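Please treat every number below as a calculation from the coordinates, not as lab data. Please read all numbers here as calculations on a predicted model, not as lab measurements. As a convention, Cβ positions derive from the backbone with ideal geometry for all residues, glycine included, and neighbour counts pool all protein chains shown.
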Amino acid sequence: MLTLDSTIGELYRTPIGRDLADKMLLQAGLPQSTLTNPLVSHMKIRSAAKLLPGKIDPSLFDAILSLVNREPETVTPSKAPVKPAWWKEAVFYQIYPRSFCDSNGDGIGDIPGIISRLDYLKDLGVDALWLSPVYDSPNDDNGYDIRDYRAILAEFGTMEDFDRLLAEVHARGMRLIMDLVINHTSDEHAWFREALDDPSSPRRNYYFLKPGTPDAPPNNWGSFFSGPAWRYFPEEGLWGLHLFSKKQMDLNWEDDGLRREVLDMIRWWLEKGVDGFRMDVINYISKDPGLPAGDPTVAGLIGFCGVEHYIYGPRLHEFLKQIRREAFDPYGAFSVGECPGLGMNMSRMVTAEERKELDMVFSFDHLETPGHGKYDDYEYDLNWYRDHILQWIENYGTNCRLSLFFNNHDNPRMVSKVSRNKALHPYIAKLLAVLQLTLPGTPFIYQGDEMGLSNYEFTSLDQITDVEAKGFIAENRARMSEAEMLRILNAGTREHTRVLLPGGGQLPPWHAGVTQQTPDPEVEESYRFLLKLRRSSKVFPYGTFELISDKKNAFVYRRSLNGKSYVIECNLAAEPRKPLYKPKKSRLVFDSQPLHTGDLGPYHAQIWEE
Ligand code: NOJ
Ligand code: CA
């Protein structure tokens, strides 16, 4: 049990303390040595708090200590060989159905559209598809606000279309995982309507509905989509908690009946034969009882108020174990949990094989370099990515499995973040593909990565339709010009990854004026080659990892298994540099810039077979 009289060093040595401290250092743009240097690490937490008046309020440490003291367990990272599993060998491909392929010309991607592209995906060489939500939804957050878990959104097709999709995926020897959004439902879900309308219904307790007056929300928590996390329902005199949009009402997992209904629904999909789930913000499902006020200092550092009361809640492990035991395991289903805010140690606690919770997590700290947020317009230094991923590779343990991704539907494209120079984008796209497909872990490609897509240039706020951006616009309209908002959104909006894919049909009216990009055949060819190479042996899914060089702008490593090995040499910057790997009898099997002569070119990547 740590107290304010424990030292900073003791705090930093606990798994949770370390993750939280690293997260704050990252946010503040400070190196880890800030806390590991002996002067600071021997200091009592209480004194450290006093040393930084104005900057850090002592209440911050109370918030951290309560999270740290809640976790009595630890995970020992294993060094044993990786245990085989299909999802460790697979390369996943994320489909955002709305913008993948439109079969009927209404500008909205749909399930028949996905079916029509299955041969393309199979031929590309991916093994499993992750479908972002296709459930019935009023679309406040493009399907992440589910109205009916057992129906398909009409714009996307019918349940027959879905069944056909699943059968066609399986017929091609691929697998399909669904998005499971169970932290919240739409306010139009029957459970919520009943909870709101009928005070005597047991479903009233399925949500966080608190009686009160319009002037006083139950606590100070903020929504991720701007403004407070509480919505007032005047007719009922109730406040409802929504961590996301006003139409995404948080479910109360404390309620046994709610958990039973959610588990039934999961089993219903598994009975259909789906192979697993990507679980939306799954680390948020357990909230501190009583929903205590968020600490203002944490809010200042992280940007959202209240997070310490649900990113790693008191019953999180228990709920995850229940889902696994009662729904996933009987069907052999795979799970990857979207876990914003969890660092390496907390991720281990929810994924280590022996703990029987999740199979993998998506953690997000690699998406921005220190001190940067998603809306910052800056150039991402891949040297930082190398150092970050190395920490995970070296310390995560073989009982935990890394997920490898650079893009998804919630972020702008990484190639554009790395450099503003468009001429370099194809090189960067190929370099990221090499990293993603040769580092240890399971890769998740996002639709369009293989086409070398980069960000769009939105010319009007009207082209940006996403609820997160709308929250940003509403919050800033009074203090920023349209041009300023557009500049910021162009740097960070997730709309960039939600424009209908090239070849997927005509852009819908709300994207009028946006010029669809042209796929880059060389990038696609590289993906095809790399996916084939990955399949040709088990070196990449299971092989050992050996760092050869992490000198500035270099990332050189060896992957080996059973006498077979590959060396990967990457130039992480735009400046050409001399290669560091000295091939003896090795054969160059992949060169991202084959026509380039002399030193390695900008963002150049090579794979050597030894
Ligand atoms: C994470 C999803 O990826 C994102 O698209 C969504 O807006 C939030 N969760 C809320 O469901
Ligand atoms: Ca359509």
Filter K422/K532; K422/K578; K532/K585; K246/K422; K122/K538; K83/K532 down to the pairs with a C-alpha to C-alpha distance above 31 Å, please. K246/K422
Gain on full stretching of the segment that runs from F545 to K79 - 0.36 nm per residue minus C-alpha separation: 166.6 nm
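Only helices at least 30 Å long along their own axis, judged from Cα atoms, and with Kyte-Doolittle mean hydropathy of 0.5 or greater: name those in the chain from DSSP H. Intermediate results must be reported in sequence, preceding the final value.
On the way: long enough: none.
What comes out of the filter, once short or polar helices are dropped, is none.
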5 angstrom amide H check on L129, placed H, neighbours 5+ away: Y93, R175, L176, I177
Counting residues in segment 407-477 as N, plug N into 2.2 N^0.38 Å and put the Cα Rg over that result. 1.32
Zero-based 10 Å bins, Cα pair distances in segment 349-499, whole percents: 10, 36, 32, 17, 5, 0
Here the FRET efficiency for N69 versus Q322, based on Cβ atoms and R0 = 22 Å and rounded to 0.05, is 0.40
Quick one: what does P(r) look like for segment 287-341 with 10 Å bins over all Cα pairs, in whole %? 22, 38, 25, 14, 2
Between A483 and M159, what length comes free when the chain is fully extended (0.36 nm per residue of separation minus the Cα-Cα distance, one decimal in nm)? 112.3 nm
Length added when fully stretched, T34-S59, from 0.36 nm per residue minus Cα-Cα: 7.0 nm
Under 1.5 on a/c is rounded, so check that first for segment 262-389, then, if it is not, pick prolate when a/b is larger than b/c and oblate when it is not; a ≥ b ≥ c are the square roots of the alpha carbon gyration tensor eigenvalues. oblate
In square nanometres, what is one fourth of the surface area of the convex hull spanned by the alpha carbons of segment 1-160? 15.6 nm²
Under a plain spin-label model, where a point goes 7 Å from the Cα along Cα-to-Cβ, how far apart in nm are R420 and N104? 4.4 nm
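Can you work out the FRET efficiency for the pair Q391 and D197, with r the C-beta to C-beta distance and R0 = 60 Å, to the nearest 0.05?
Values: r = 51 Å, r/R0 = 0.84.
Efficiency, rounded to the nearest 0.05: 0.75.
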In what sequence do T76, T36 fall when counting other Cβ within 10 Å, fewest first? T76, T36
Calculate the radius of gyration of the Cα atoms of segment 10-75 to one decimal place, then report Dmax, the largest Cα-Cα distance, as a whole number, both in Å. 11.7, 36
For segment 63-119: rounded, prolate or oblate by the Cα gyration tensor [a/c cutoff 1.5]: oblate
For segment 318-332 and segment 14-36, distance of Cα centres in Å: 33 Å
Whole-number D in µm²/s for the chain (Stokes-Einstein; Kirkwood sum over Cα pairs; 10 °C, 1.306 mPa s): 63 µm²/s
Where does segment 471-610 land on Rg/Rh, using Cα atoms and the Kirkwood Rh? 1.13
Share antiparallel - DSSP beta bridges, the chain, percent rounded to 5: 60 percent
